[in-house]
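The values are calculated or read from the model by the stated rules, or taken from the named source; none is laboratory data. Please read all numbers here as calculations on a predicted model, not as lab measurements. We place every Cβ from the backbone using ideal geometry, glycine too, and count neighbours over all the protein chains shown. Protein only, heavy atoms only, side chains kept; ligands, DNA and RNA dropped before computing areas. Shrake-Rupley method; radii C 1.70, N 1.55, O 1.52, S 1.80 Å.
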Amino acid sequence: MSLKVGIVGLPNVGKSTLFNALLKRQQALVANYPFATIEPNVGIVEVPDERLNVLAKMSQSVKIVPATVEFVDIAGLVAGAATGAGLGNKFLTHIRDVDVILQVLRDFKDSEIVKEGSVDPKTDYEVIETELILKDLETVSKIRESKDLRQKGLEKKRGVVEKLFEGLNNGQPARTILAGEEVELARDLFLLTMKKEVKVFNVSEMDPRIREDDNGEFCVCAKIESELSSLSDEDAKAYMADLGIKESGLDKLIRKAYETLGLISFLTTGITESRAWTIEKGTKAPQAAAVIHTDFEKKFIKAKVCGYDDFVACGGWKEGVEKGKVRFEGKEYVVKDGDVVEFMVGA
């Protein structure tokens with residue numbers, strides 16, 4: 001299962017700086033002028049998971065394979081983008097391809113960096129949200145006039161489209177208009193404002209919010225994260241200690257993106273590899289097995305399962321079985337985050 005996150009925001013709010021820090025190398029052009037990013041830059045980032053290092057040592061694994069998130073650095077939006085202003089329709093199309101919108105909001109003061117349309121975080125957010133709503137309204141308006149929608153049997157779909165048309169016209173994002181079955185009926189419309197979103201406040205080095213773990217806002221300092229990304233692990237830890245930061249803001253951000261879609265990881269471990277596999281919360285054992293290989297779902301017999309903490313405390317499968325910490329689960333078992341699993345499948 002792949003997860004694609006689009007980094008969105010007004011020009012010069014720190015999107016490309018954040019993206020480069022995520023990749024730990026300068027893949028995107030960082031420049032002090034609007035539209036420095038024209039084509040979307042894409043990078044695969046590992047989801048931090050210390051559990052894999054522990055399992056790899058226990059199993060003497062040859063390699064570690066973490067879960068990953070794909071980040072897309074999308075060109076800066078401006079007011080009027082929905083009607084083609086700036087680079088308009090081009091990057092609105094790029095947003096359509098992502099699973100989660102990560103909206104970067106400028107919340108720092110720097111007279112040397114041009115404020116291209118940026119006013120304050122609240123206003124900036126409203127500008128971007130308005131452009132996405134206008135683009136969705138354009139999409140819904142076209143579908144609303146379509147002859148195909150008038151066919152018999154599409155009464156519910158027509159009702160959803162009308163509800164969206166009214167709500168979007170009132171400035172509501174689609175995610176706040178629909179619920180339950182309506183969401184499923186609108187899935188093939190690929191609306192931008194139906195996507196999950198994460199607000200990221202790009203703050204200064206001195207802002208106390210980057211040192212707080214639970215303050216209701218997700219804050220990072222792109223400048224600090226960029227500096228951290230250029231250091232060795234040891235030097236980065238020392239730098240964070242000096243700053244009073246317990247964990248890199250990017251590590252928290254990557255996990256936040258992963259969790260926003262309700263994704264979890266189950267783990268496998270052996271001599272060949274220790275690996276994290278991505279599934280949605282609520283996934284049952286046969287469907288989780290299919291993530292490893294599609295044939296495993298049809299051939300599923302049972303799953304050998306041990307919680308991560310128990311697995312580590314027992315030192316592996318053998319003692320885990322002896323201490324009664326290993327379970328054999330059937331087709332109705334819902335896999336949990338951190339489950340260490342071996343699937344038994346038929347020939």
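Hey, among the residues in the stretch 203-212 that are among the hydrophobic types (A, V, I, L, M, F, W, C) and outside any helix (DSSP H, G or I), which one's surrounded by the fewest Cβ atoms within 10 Å (Cβ to Cβ)?
Residue satisfying both the conditions and the ranking: MET206.
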- request: Determine which member of the set VAL45, VAL30, VAL13 is outside any helix (DSSP H, G or I), within 20 Å of ARG106 (Cα to Cα) and modelled with pLDDT of 80 or more.
  value: VAL13
- line: Checked GLU225, GLU273 against criteria (over 22 Å from PHE19 (Cα atoms), at pLDDT 90 or above and among the charged types (D, E, K, R)); the one match is GLU273
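Are any residues in the stretch 140-167 open to solvent by 30 Å² or more (accessible area, probe 1.4 Å) and in contact (Cβ under 8 Å) with a residue 24 or more places away in the chain, and if so, which ones?
SER141, ILE143, LYS156, LYS157, PHE165
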query: Cβ-Cβ below 6 Å, separation at least six or inter-chain, first residue in the stretch 45-57 and farther than 21 Å from GLY249 by Cα, second open to solvent by 60 Å² or more (accessible area, probe 1.4 Å) and not aromatic (Phe, Trp, Tyr): which pairs?
result: ALA56/ILE64
- request: Determine if the stretch 189-202 includes at least one residue that is part of a helix (DSSP H, G or I), open to solvent by less than 10 Å² (accessible area, probe 1.4 Å) and within 30 Å of LYS157 (Cβ to Cβ).
  value: yes
- prompt: Does the stretch 256-264 contain any residue that is of a type outside the set (A, V, I, L, M, F, W, C), more than 30 Å from LYS24 (Cβ to Cβ) and surrounded by 17 or more Cβ atoms within 10 Å (Cβ to Cβ)?
  reply: no
- prompt: Taking THR130, is it of a type in the set (Val, Ile, Thr) and without any contact (Cβ under 8 Å) to a residue 24 or more places away in the chain?
  reply: no
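Quick check, is LYS284 touching a Lys or Arg at 6+ places or on another chain (Cβ under 9 Å), open to solvent by 20 Å² or more (accessible area, probe 1.4 Å) and under 24 Å from LEU261 (Cβ atoms)?
It is true that LYS284 is touching a Lys or Arg at 6+ places or on another chain (Cβ under 9 Å), open to solvent by 20 Å² or more (accessible area, probe 1.4 Å) and under 24 Å from LEU261 (Cβ atoms).
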message: Can you find, within the stretch 213-252, the residue that is surrounded by the most Cβ atoms within 10 Å (Cβ to Cβ) among those that are acidic (Asp, Glu) and under 27 Å from GLU129 (Cα atoms)?
response: GLU225
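Would you tally the residues in the stretch 314-331 being of a type in the set (D, E, K, R) and either buried (at least 16 other Cβ atoms within 10 Å of the Cβ) or in a strand (DSSP E or B) (or both)?
Narrowing the stretch 314-331 to residues of a type in the set (D, E, K, R): 318-319, 322-323, 325, 327, 329, 331.
Still in the running and either buried (at least 16 other Cβ atoms within 10 Å of the Cβ) or in a strand (DSSP E or B) (or both): 325, 327, 329.
Adding up the residues that qualify gives 3.
Give me the residue from the stretch 207-222 that is of a type outside the set (Val, Ile, Thr) and at pLDDT 90 or above and, out of that set, farthest from ASP107 (Cα to Cα).
At the first step, the residues of the stretch 207-222 found to be of a type outside the set (Val, Ile, Thr) are 207-209, 211-219, 221-222.
Right, trim to at pLDDT 90 or above and you get 219, 221-222.
Values: CYS219: 9, CYS221: 9, ALA222: 11 Å.
So, considering only residues that are of a type outside the set (Val, Ile, Thr) and at pLDDT 90 or above, the one farthest from ASP107 (Cα to Cα) is ALA222.
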- prompt: Which one of these is under 17 Å from VAL54 (Cβ atoms), in a helix (DSSP H, G or I) and open to solvent by less than 70 Å² (accessible area, probe 1.4 Å): PHE311, PHE296?
  reply: PHE311
statement: For ALA81, the lone unmet condition from (1) buried (at least 21 other Cβ atoms within 10 Å of the Cβ); (2) at pLDDT below 85; (3) at positive phi is (3)
message: Among the numbered criteria (1) at pLDDT 95 or above; (2) not in a loop (DSSP other than H, G, I, E, B), which one does GLY282 miss?
response: (2)
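Residues checked against (1) touching a Ser or Thr at 6+ places or on another chain (Cβ under 9 Å); (2) on the phi > 0 side of the Ramachandran plot; (3) not basic (Lys, Arg):
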{"position": "PHE218", "(1), (2), (3)": "no, no, yes"}
{"position": "LYS223", "(1), (2), (3)": "yes, no, no"}
{"position": "GLY244", "(1), (2), (3)": "no, yes, yes"}
{"position": "GLY249", "(1), (2), (3)": "no, no, yes"}
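State whether one or more residues within the stretch 115-132 are in contact with a Leu (Cβ under 8 Å, 6 or more places away or on another chain), open to solvent by less than 50 Å² (accessible area, probe 1.4 Å) and among the hydroxyl-bearing types (Ser, Thr, Tyr).
Yes: one or more hits.
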query: Of the conditions (1) aliphatic (A, V, I, L, M); (2) part of a helix (DSSP H, G or I); (3) under 25 Å from ILE7 (Cα atoms), VAL160 fails just one. Which one is it?
result: (3)
- prompt: Hey, any hits in the stretch 173-192 for a residue that's in contact with a Lys or Arg (Cβ under 8 Å, 6 or more places away or on another chain), closer than 30 Å to SER248 by Cα and at pLDDT below 95?
  reply: yes
